[in-house]
Amino acid sequence: MSGRGRRRLWLSKAFSRRNSVSDFDRMAPLTPIAERISRSLDDEYQRMENEWFFKWHFIGGDGPVEIDRFDGRPPMKVGGVAYFGTIEHLFWESIQRYLREKVGSIFDTLEQELLRYLAKTRAKALTEVGFLVAQFATNIRRKAIEKDRVLRGNGFEFPPTRDLGIWLGVQTSDIESRIQSLGEIYISEITGGGGRPVSNKVDLVEVMIASPSDVAAERQIVRDVVHEWNAIHAKDRGIILMPVGWESHSSPTMGARPQEIINKQILKDCDLLVAVFWTKFGSPTGKAGSGTAEEIDEHIASGKPCLIYFSSEPVVADSIDQSQYQALKVFERNKMEKGLVARYSTKAEFREMLARQLAQTIIRYFKKNSELDEYAIDGFSQSSKGARYAIGNEARQLLIEAVKDRNGTIMRLQFIGGVHVQTNGRDFVEGNDARSIARWRSAVDELERLRLIEDRGGKSEVFFVTNEGYEAAEQLV
């Protein structure tokens with residue numbers, strides 16, 4: 001049996017063995033990835049149960065109840081209505097949309113997390129997360145069926161249960177298939193035809209998804225298309241695409257404009273940007289007409305490829321903010337004068353168009369990986385535009401020395417007399433030379449960007465080696 005066949009069989013068996021929460025809880029401690037996702041899903045289920053599902057009991061009252069439709073539009077205000085006809089349709093349509101988007105965002109997080117760990121941890125995490133996501137999706141579906149039955153009853157008598165959901169993409173078989181695909185892509189040591197372990201090094205290309213709030217469905221389509229590309233092409237081309245968005249990759253912090261923080265945290269490291277517009281343009285940022293516009297301008301200015309799409313789908317005229325729409329039209333004309341943009345009239349057309357043009361862009365801008373970098377960590381490196389996981393010589397020296405330090409710290413300090421980069425009692429800056437300062441400051445930045453060290457104080461002065469940093473150092477010595 002081939003290496004791929006062995007791994008698929010192992011994942012499938014491991015996935016099916018964990019058929020109950022109690023069985024899963026009795027197993028070995030979860031990987032850090034699964035532990036974080038487990039806590040997040042527990043909190044999310046409680047939130048949905050206590051908020052969204054609970055609100056449906058009050059739709060028949062005199063006062064309006066705000067029901068989230070999970071489509072990027074403001075919540076629908078419902079009051080004085082019975083759970084029947086259109087309202088039933090709203091219930092099932094909304095919960096289906098929620099679950100598809102939630103499962104998609106979990107897998108986005110999972111892909112980002114996997115790159116921080118070695119192959120053995122990745123394999124274990126994939127199995128664990130597969131179970132957790134399937135269990136969460138099953139619980140949400142059961143809750144929807146149960147709530148539907150209660151809402152159709154009169155408080156004393158309840159009709160038989162029914163399931164009106166179309167759960168494509170979130171059934172256990174779908175999740176298992178997704179986990180198996182990720183296993184083929186991200187488990188870096190596979191067995192070749194002769195049984196010899198071989199490296200499966202791939203380049204990481206981060207895809208920024210930029211859009212206002214009225215195209216939530218399109219944002220999910222972008223993620224789906226990216227994952228489909230990975231499943232088909234990642235192993236052959238040696239490239240993995242990772243969808244990146246502010247909602248899944250940014251974290252709260254202070255000290256700058258919100259959009260500037262997003263640009264610094266996620267946009268600057270992205271290699272490709274996909275932007276989608278419909279009727280909204282967004283709010284001014286202080287530098288551009290909207291956050292999405294600023295992201296596009298910053299990305300283009302850095303010389304990186306950008307795909308911009310405008311929807312011409314029909315919309316109820318009264319629902320449009322005319323000032324937003326006019327600003328969008330001005331922006332569209334401006335971009336049309338400076339380059340190529342695309343228009344689509346249906347979401348199905350958008351999916352087809354994006355799949356084709358994304359593939360063309362990857363071929364055009366990102367070289368097929370065929371060579372191994374000498375110092376690639378755990379078989380992964382960044383795309384030809386970034387070398388994110390290929391450690392430079394200075395960063396390598398600094399990390400190896402830092403793990404010897406009792407506290408695992410690197411200090412980058414600036415005084416009147418000059419700049420110092422120190423760890424384990426050694427100052428790497430030579431004679432306060434400007435070029436030496438630049439080299440070692442850059443080495444610190446590189447290690448932080450790779451998440452091998454972290455700035456816990458937020459002052460960019462004292463950095464601590466992360467667990468990934470210690471694991472990486474073991475591979476480098």
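What follows is calculated from the coordinates using simple rules that are stated; it is not laboratory data. Just so it is clear, the model here is predicted, and its values are computed rather than measured. Here Cβ is always computed from backbone atoms with ideal geometry, including for glycine, and neighbour counts include all displayed protein chains.
What FRET efficiency would be calculated for the residue pair residue 89, residue 459, taking the C-beta separation as r and a Förster radius of 45 Å, to the nearest 0.05? Numbers along the way, then the final one.
Values: r = 53 Å, r/R0 = 1.19.
Result of the calculation: an efficiency of 0.25.
At q = 0.16 Å⁻¹ the log10 of I(q)/I(0) for the range 201-365 amounts to -0.95, computed by Debye summation with a single uniform scatterer per C-alpha, solvent ignored.
Peptides 43-51, 281-289, 133-141 ranked from most to least packed give 133-141, 281-289, 43-51, packing being the mean of other C-beta atoms within 10 angstrom over each peptide's residues. The lysines within cross-link reach of residue 280, meaning a Cα-to-Cα straight distance under 22 Å and a gap of 8 or more places when in the same chain, are 77, 329, 335, 338, 347. Each residue, residue 142 and residue 235, gets one label point 7 Å from its Cα in the Cβ direction; the gap between the two is 3.5 nm. Residue 83 sits among other residues whose Cβ lies under 11 Å from its own Cβ, and their net charge, with Lys and Arg +1 and Asp and Glu -1, is +1.
Residue separation of residue 322 and residue 349 scaled by 0.36 nm, minus their Cα-Cα distance, works out to 7.1 nm of gained length. Highest average first, the peptides 158-167, 98-107 ordered by how many other beta carbon atoms sit within 10 Å of their residues are 98-107, 158-167.
Peptides 203-213, 224-234, ordered by how many other C-beta atoms sit within 10 Å of their residues on average, highest first, read 203-213, 224-234.
For q = 0.10, 0.16, 0.20 Å⁻¹, what log10 I(q)/I(0) does the range 391-476 give under the Debye formula with an equal point scatterer on each alpha carbon and no solvent? Once normalised to I(0) and log-transformed, intensities are -0.20, -0.53, -0.84.
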